[in-house]
Amino acid sequence: MASHGIEIRGLYKIFGPDGAGYVEAVKAGMTKADLNENHGHVLGLQDINISMPAGGITVVMGLSGSGKSTLIRHINRLIEPTAGEVIYDGADICRMTVSQLREFRRHKTAMVFQKFALLPHRTVLENTVYGLDIQGIPRTDSLKKARYWIDRVGLSGFESHYPNQLSGGMQQRVGLARALTNDADILLMDEAYSALDPLIRVDMQGVLLDLQAELKKTVVFITHDLDEALRLGDKIAILRDGQVVQQGTGQDIVLNPADHYIASFVREVNRGRIIQAKTVMTPLGDLGTSSDSIAVPASMTLETAARQMTLANVTQARVVDDSGLPVGRLDFSALVSAMVTPTPHEATG
């Protein structure tokens, strides 16, 4: 289980021969367009500050060109920063020596790519042990570990197959098994499911969530898809033109979009799958006691709560915390209203 989160502080990336020379100008207000048109440099990231919780999935979301892939490549320093810090376990990755960085990449991070990045001449098993081969792990140990993770991602029986014999979804399962076999604390997933068909993509999201419930890795997941971000993210950071526009839980973003740009993203979201019972319940302090016939967890989504209340043929349910103690009451009419009520930004947008 990962014990450390990732802290990104004041991170800038300016592409060009003298990127560092323009950081102060950008801080003083130079625009991305001005920097590009008049100075021949490209502003990739501007003052990024994100706390990525240990053992959770942080989704970095944005449209093409927003800087999300540039950002994830700073975490394992595939891209050199122009300014700022990326802190993990008390160390600034941006200031690691070559040997320190090599050890960090080998033992602390694993990456899953959009295009699978499998070696075509190696079997599923050989691809899965590749990272352990680089680390110099004895083959007896590495093969045992690889077979375990191949089974966990649902590919038992395919160990001897080559990548060109597998579907896209199966290839991505190999990529995930390879990353997990490394037993790294940090799992970096750059548009990992974007190349997959929609149904396979949803299936792979489920695989990740099931594994994460057990493993509690510190996962950084890049996507341009809001539904994927909302399903996977314990925390979501939305980028636009190299800047963080808003960050928070999926519920935070859906209920309180920071501006019209975010509001346009969340307008068509199924709120019932995002909003939790505790958000719309009447607190127990306002009720005295609650003796409703069914209980729903405070973190349960409204869609699931509505289904349970409908099956039980009740219009009210008690809301309970993680220890099963009542904390409030959920009224069915309030539940339905919350699933369809527009946010202030949408109402005025």
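A short reminder: the numbers here are calculations on the coordinates, not readings from a lab. Computed from a predicted model, the values in this text were never measured in an experiment. Note: ideal-geometry Cβ built from the backbone for every residue, glycine included; neighbour counts use all protein chains shown.
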* **Under Karplus coefficients 6.51, -1.76 and 1.60, residue-wise ³J(HN,Hα) of the range 235-244 in Hz, glycine/proline x** => 9, 10, 10, 9, 9, 8, 6, x, 10, 7
* Near the amide H of ILE79, under 5 Å away, which other amide H atoms are found, from residues 5 or more places off or on another chain, if H is placed in the peptide plane? -> HIS74
* Hits among aspartates and glutamates - C-alpha to C-alpha of LYS144 under 14 Å, sequence gap 8 or more where chains match -> GLU126, ASP133, GLU159, ASP183
* Under 30 Å from LYS235, Cα to Cα: lysines that are on another chain or at least 8 residues apart -> LYS13, LYS27, LYS32, LYS68, LYS108, LYS115, LYS216, LYS217, LYS278
* To do: Taking the Cα centre of the chain as origin, sum charge times position over the Cβ atoms of Lys and Arg (+1) and Asp and Glu (-1), and report the length of that vector in debye to the nearest 20.
  => 740
* Asked: Which of these, ALA83, ALA192, ALA91, has the largest mean-square fluctuation under a Gaussian network model of the chain (Cα springs below 10 Å)?
  -> ALA91
* **Unit charges on C-beta of K, R, D, E only; dipole of the range 139-217, Debye** => 260
* Efficiency of FRET from Cβ geometry, ASN49 and THR315, R₀ 56 Å, rounded to 0.05 -> 0.80
* **Residue of SER69, SER323, SER293 that the Gaussian network model of the chain assigns the largest fluctuation, springs spanning Cα pairs under 10 Å** => SER323
* Using a Gaussian network for the chain with springs between C-alpha atoms less than 10 Å apart, which of these wobbles most: GLU268, GLU228, GLU303? -> GLU268
* **Cα lying deepest toward the dipole's positive end in the chain, options ASN127, ALA338, GLY272, charges on Cβ** => ASN127
* Quick one: net charge around LEU63, please, counting Lys, Arg +1 and Asp, Glu -1 for every other residue with C-beta under 10 Å from its C-beta. => +1
* **the chain, relative contact order in percent, only Cα pairs under 8 angstrom and at least six apart counted** => 18
* Using θ = phi - 60° and the Karplus form 6.51 cos²θ - 1.76 cosθ + 1.60, what ³J(HN,Hα) does each residue of the range 271-283 get, whole Hz, x for Gly and Pro? -> 4, x, 8, 10, 6, 9, 4, 5, 6, 10, 6, 8, x
* Structure fact -> Neighbours of ASP141 by Cβ distance under 12 Å: Lys/Arg at +1, Asp/Glu at -1, summed charge +2
